[in-house]
Amino acid sequence: MTNRTPRIGFGHLLASALLCMAAETSPAEWPAGVSPASAELLSPEWPSEQRHPLAPFSPAAIDWIGGGAAAPWKPIGATEGGGYELEAPWWSTLRFRIESDAPRTLMLRAAGVGRATFNGALRSGETYREGAWWIPVRLEAGANEWLLSPRGGEVWSPELREPRAAVELFAGDLTLPMAEPGAPEPLLASVALANTTTETIRGASVRSSWQGGELLTTLPDLPPLMIRKDAFLVAPPGLDAERETSITLELLGPDGSVWDRGGSTIFVASSADDLRVRTFRSRIDDTVQKYAVRPVVPAVDGIATPPALVFSLHGAAVDATNQAAAYASKSWAVHVAPTNRRPYGFDWEDWGRLDALEVLELALANEGADPSRVVLTGHSMGGHGTWHLGSLYPDRFAAVGPSAGWISRRTYPREQDAGDLGAAEQLLWRTFAGTDPRAMIENFRGRPIYAIHGDADDNVPAEQTERMLAALKESGIATESHIERGAGHWWDGFRSHGADCLDWPPLFDLFAKTRLPAPAEVRRVRFITPNPAVSPSRAWLTIRQQERQLEPSRADLDLEPAENRLSGTLENVAAFEVDLAGCLAEGPVSGELNGAAFEVPWPADRRLRMRRDGAGWTPAERWEPADKGPHRSGPFQLAFQNRMVLVHGTQGSEQEDLLGYERARYDAELFAYQGNGTPLLLSDTEFLAGGHAGRNVILYGNADLNSAWAELRGDCGVEFRNGRWSVGDLACAGDEFAGFYAFPRRDDDAALVGVVAWTGERGRRVSASTMYLRSGVAMPDVLVLDPRWFEGSGAGLVAAGYFGNDWSVAGGEFARGAAE
């Protein structure tokens with residue numbers, strides 16, 4: 001095979017889509033030589049309650065992936081304004097055809113665009129209609145076909161224009177910090193860019209300039225026809241003279257010529273209690289992210305230091321800056337608001353949860369707050385995030401105060417349950433356990449809980465709070481609450497200097513007097529975790545491994561210092577660790593676990609390690625880094641972190657390599673929009689050239705298409721090649737299969753390899769239609785699908801399972817789908 005960097009040529013038809021789109025211009029304003037040809041609507045009669053609860057896609061996708069139309073196409077015409085009125089259910093699909101007199105690249109307004117494919121190439125747009133992006137799309141001479149899934153009852157109005165430059169700069173999508181007086185170093189920022197050409201752009205740069213200075217930042221390679229979010233430097237020391245400073249951004253080509261420009265304003269925080277916005281390099285994807293801070297007011301006599309930290313999670317469509325601004329400054333607490341990666345982001349699950357934890361760690365280091373006095377709160381989606389993070393991390397948050405929060409997707413917007421599932425479906429359903437705080441309700445015990453809601457809330461019904469409070473009461477967990485009579489989703493009055501539905505005085509009275517006990521002050525630990533790689537610890541206990549992956553693991557343990565004794569029960573725990581420092585005296589440790597007695601000598605490092613051995617327990621001197629543990633485990637989506645690198649193959653035919661590149665590009669673009677940052681995207685040959693040690697890697701294609709396959713994975717018991725796949729003894733031939741799995745990177749003790757695999761073109765389409773980078777979509781360690789998955793009935797789930805704690809197939813748990 002020859003090595004190639006995929007090039008998008010004029011002969012390639014770009015392609016179809018699942019979109020929700022609104023724009024302002026009519027087809028009459030399109031560039032010369034391009035015109036609409038026809039539009040048809042597919043509106044399948046498929047009530048949402050009849051869909052399988054695990055199916056992640058609408059039935060309109062059946063036609064899109066080539067499985068046949070679910071209903072006849074109905075021709076529709078343009079309105080007088082040039083748009084297309086869509087009186088149809090939300091899952092409808094619009095097939096839109098346009099004519100071009102020559103091959104060309106155009107920019108498509110991305111506002112309202114979700115998933116988009118243009119003649120076959122899947123793209124990401126802006127689901128929430130911000131309007132900052134224009135998607136570079138390639139048109140072929142003659143007919144071009146798009147498939148769109150707009151919302152019913154709306155008008156879709158296409159908006160196209162010629163590119164401004166080889167690379168465009170979108171100043172409407174900036175991540176900017178606020179400068180602070182005397183800041184010693186240049187500040188990190190990021191901006192969205194689009195390569196409008198069919199070639200990789202190398203050597204471009206961004207120049208930020210302001211009155212009295214400028215900085216130049218060299219950009220990484222920009223792949224063909226791709227939108228990405230890249231870092232640049234801005235505002236070096238010396239900007240403390242003005243309250244705000246205008247900056248100009250210029251996109252420079254490799255020869256130093258100016259290709260595009262935009263501008264913005266950077267604010268300077270000049271007083272001690274001013275709102276601040278700080279940026280940082282995220283360890284999730286090595287991109288620039290931000291968080292907002294409302295500092296503690298200047299020192300007041302009698303107020304103890306260090307201050308408490310109020311960690312506040314914003315709602316959908318709310319920026320972290322506005323979230324922090326909704327609070328009045330306190331003399332005893334600093335307010336910190338993370339971003340969830342975007343104002344919508346990930347519902348504070350998945351990468352939104354990881355962003356929150358990373359910001360909390362940074363804020364504790366930067367704000368000098370007391371880690372025992374961190375309290376968690378948030379509104380709406382942030383109220384859900386408060387229930388979610390509060391249930392997972394009982395040793396991080398001293399108190400929990402959700403406002404207008406929904407519980408989980410099992411309850412909001414409608415109740416869902418597993419129903420009657422087959423063996424493979426049951427393994428897949430396990431992945432949802434960690435998203436329902438009721439499954440970890442024991443973790444709320446011993447901490448103050450204060451819930452707030454308006455009883456006239458028409459966005460998140462107050463019954464969501466009432467149901468969660470009832471579940472806590474049933475478990476014997478004390479709570480406090482306030483239901484504001486006559487109040488809607490957001491409400492305010494005169495009882496707080498901030499917004500009442502957030503800065504509620506009784507809630508903050510509780511926060512002010514709350515702290516977490518030190519581990520040595522805790523005698524009894526009750527703890528539940530859905531996955532030790534997500535939430536392993538409470539006080540002195542760490543659960544390291546599970547017997548059955550992703551089923552809740554439970555511990556109820558007592559330390560008895562007078563007797564140097566540990567006793568209690570553990571459920572679904574294969575290995576655990578107890579930090580004895582400050583808890584027990586040096587000497588032999590004895591006890592009884594699940595009725596089995598034990599006695600072990602005092603461990604030299606004061607960490608008691610125990611591993612399940614039949615009905616009893618055996619001490620372990622150390623943990624094997626190659627095994628599963630909090631440092632590295634499944635399921636599949638956990639591979640998308642640790643400065644991940646996306647790697648597409650160059651070992652197939654020219655068409656196979658191009659399609660593989662487009663598949664990886666879609667994930668990179670989707671993460672740029674959903675996660676406010678673009679992972680590094682490389683070919684297999686570029687990756688193998690080196691320089692990416694210690695990072696997680698996402699491989700696309702299969703062992704025949706991607707030369708990084710064998711280098712990274714080794715023999716993991718799962719194989720995908722052209723025309724066939726196998727998982728241990730499970731195997732099948734055909735070109736219609738897609739696989740998703742995570743496995744250790746064999747040249748590193750902590751990094752993971754995530755695999756997005758296919759056995760042929762039909763399987764690639766299935767992989768492209770599986771929305772694993774969206775919040776609420778979860779997968780096990782290994783999942784194999786075929787096109788029937790999108791029928792919505794549970795068909796097409798070919799196999800699912802979990803590797804054992806030694807990452808073997810033999811030691812794991814796997815099942816074939818019922819249809820197989």
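In vacuum, with every alpha carbon of the stretch 382-446 counted as one equal point scatterer, what does the Debye formula give for log10 I(q)/I(0) at q = 0.24, 0.30 Å⁻¹? Two decimals, please.
-1.02, -1.31
Which entries in the list 290/513; 229/513; 74/229 go over 31 Å, if you measure between the two C-alpha atoms of each?
Numbers: 290/513 29 Å; 229/513 42 Å; 74/229 39 Å.
Check vs 31 Å cut-off fails for 229/513; 74/229.
Please give the Cα centre distance for the stretch 134-183 versus the stretch 565-583, rounded to the nearest Å.
Value for the Cα centre distance between the two parts: 53 Å.
Please name which of 482, 385, 298 has its Cα lying farthest along the dipole of the chain towards the positive end, using unit charges on Cβ (Lys, Arg +1; Asp, Glu -1) and the Cα centre as origin.
298
Please report the accessible area of residue 178 (heavy atoms, 1.4 Å probe, ligands and nucleic acids excluded) in Å², nearest 10.
Looks like 40 Å² after rounding.
Under the √(5λ) rule applied to the eigenvalues of the Cα gyration tensor, what semi-axes describe the equivalent ellipsoid of the stretch 594-730? Give them in Å, descending.
Working from the Cα gyration tensor, I get semi-axes of 40, 19, 14 Å.
Just to confirm my numbers, what's the Cα centroid distance between the stretch 358-406 and the stretch 757-799 in Å?
34 Å
For a quick check of understanding: with a 1.4 angstrom probe and all protein chains in place, what accessible area in square angstrom does residue 362 have, to the nearest ten?
50 Å²
Mean shadow of the stretch 574-628, computed from the convex hull of its alpha carbons, in nm²?
4.1 nm²
Put +1 on the Cβ of each Lys and Arg and -1 on the Cβ of each Asp and Glu in the stretch 242-298; which of 266, 253, 277 then has its Cα farthest toward the positive end of the dipole?
Farthest along the dipole direction, towards plus: 277.
For the stretch 395-513, give the magnitude of the charge dipole about the Cα centre (Cβ charges: +1 Lys/Arg, -1 Asp/Glu; no others), in debye to the nearest 20.
Taking the Cα centre of the stretch 395-513 as origin, the dipole is about 380 debye.
Could you check how much of the accessible area of the chain is carbon and sulfur, as a whole percent, using a 1.4 Å probe? Mind showing how you got there, number by number?
Details: 14270 of 29370 Å².
Carbon-and-sulfur percentage of accessible area, whole number: 49.
Using the crude model of +1 on Lys and Arg Cβ and -1 on Asp and Glu Cβ, and no other charge, please compute the dipole size for the chain relative to its Cα centre, in debye to 20.
Values: 77 positive and 108 negative charges, 108 e Å.
So the magnitude is around 520 debye.
Ignoring ligands, DNA and RNA, what accessible area per residue does the chain give at 1.4 Å, in Å²?
Counting only protein heavy atoms, the per-residue value for the chain is 36 Å².
Over the Cα atoms of the stretch 302-345, what radius of gyration and what Dmax do you get, in Å?
So, for the stretch 302-345, Rg and Dmax equal 12.1, 41 Å respectively.
Determine the dipole magnitude for the stretch 657-749: charges of +1 sit on the beta-carbon of Lys and Arg, -1 on that of Asp and Glu, nothing else is charged, the reference point is the Cα centre, and the result goes in debye to the nearest 20.
That gives a dipole near 140 debye.
For the stretch 526-633, what is the largest minus smallest coordinate of the Cα atoms on each principal axis, given in angstrom and ordered from greatest to least?
Per principal axis, max minus min of the Cα coordinates gives 35, 26, 25 Å.
As an exercise, find the ratio Rg/Rh for the chain from alpha-carbon atoms, using the Kirkwood inverse-distance average for Rh. Don't skip to the answer; put the middle values down first.
Numbers: Rg = 27.1 Å, Rh = 28.1 Å.
Here the Rg-to-Rh quotient is 0.96.
Quote the Stokes-Einstein diffusion coefficient, in whole µm² s⁻¹, for the stretch 325-368, based on the Kirkwood radius over alpha carbon pairs, a temperature of 4 °C and a viscosity of 1.567 mPa s.
Answer from the Stokes-Einstein relation: 113 µm²/s.
Mean 1/r over all different Cα pairs, inverted: what Kirkwood radius does the stretch 95-160 give, in Å?
12.3 Å
Could you calculate, for the stretch 389-490, the ratio of the Cα radius of gyration to the Kirkwood radius, expressed as Rg to Rh?
We get a ratio of 1.01 for the stretch 389-490.
In cubic angstrom, how much convex hull volume per residue do the alpha carbon atoms of the stretch 708-820 span? Intermediate results must be reported in sequence, preceding the final value.
Values: hull volume 12.4 nm³, N = 113.
Taking only Cα atoms, the stretch 708-820 has a hull volume of 109 Å³ per residue.
Charges on Cβ only, +1 for Lys and Arg, -1 for Asp and Glu, centred on the Cα centroid of the stretch 493-553; of 543, 514, 532, which one is farthest towards the dipole's positive end?
The one lying farthest along the dipole's positive direction is 543.
Rg/Rh for the stretch 254-303 to two decimals, with Rh computed the Kirkwood way over all alpha-carbon pairs.
1.20
For the stretch 666-748, max minus min Cα coordinate along each principal axis, in Å, sorted largest first?
Principal extents (largest minus smallest coordinate, Cα): 39, 28, 20 Å.
In the calculated pair distance distribution of the stretch 273-367, what percentage of Cα-Cα distances lie above 20 Å? Write out the running numbers ahead of the final one.
On the way: 1479 of 4465 pairs.
Pairs farther apart than 20 Å: 33 percent.
Take each uninterrupted DSSP H stretch in the chain, measure its Cα extent along the helix axis, and return the ones at 15 Å or beyond whose mean Kyte-Doolittle hydropathy is at least 1.0.
Qualifying helices: none.
What does the stretch 621-693 give for Rg and for Dmax, in Å, if only its C-alpha atoms count?
Rg and Dmax of the stretch 621-693, Cα atoms, are 15.3, 53 Å.
Is the shape of the stretch 562-603 best called rounded, prolate or oblate, per the rule: a/c under 1.5 gives rounded, else a/b larger than b/c gives prolate, else oblate, with a ≥ b ≥ c the square roots of the Cα gyration tensor eigenvalues?
On the way: a/c = 2.06, a/b = 1.55, b/c = 1.33.
Verdict is prolate for the stretch 562-603.
Among the trypsin sites (Lys or Arg not before Pro) in the stretch 593-654, which ones are in a DSSP loop with at most 10 other Cβ atoms within 10 Å of the Cβ? Mind listing them? Before the final figure, lay out each step's value.
Values: sites: 606, 607, 609, 611, 612, 622, 628, 632, 643; in loops: 606, 622, 628, 643.
The qualifying sites are 622.
The values are calculated or read from the model by the stated rules, or taken from the named source; none is laboratory data. Quick caveat: nothing in here was measured; it's all calculated off a predicted structure. Don't worry about glycine lacking a Cβ; one is built from the backbone with ideal geometry, like all the others, and counts go over all protein chains shown. For the accessible areas, the whole protein counts, side chains as well, though only heavy atoms, and no ligand, DNA or RNA atoms are used. Shrake-Rupley method; radii C 1.70, N 1.55, O 1.52, S 1.80 Å.
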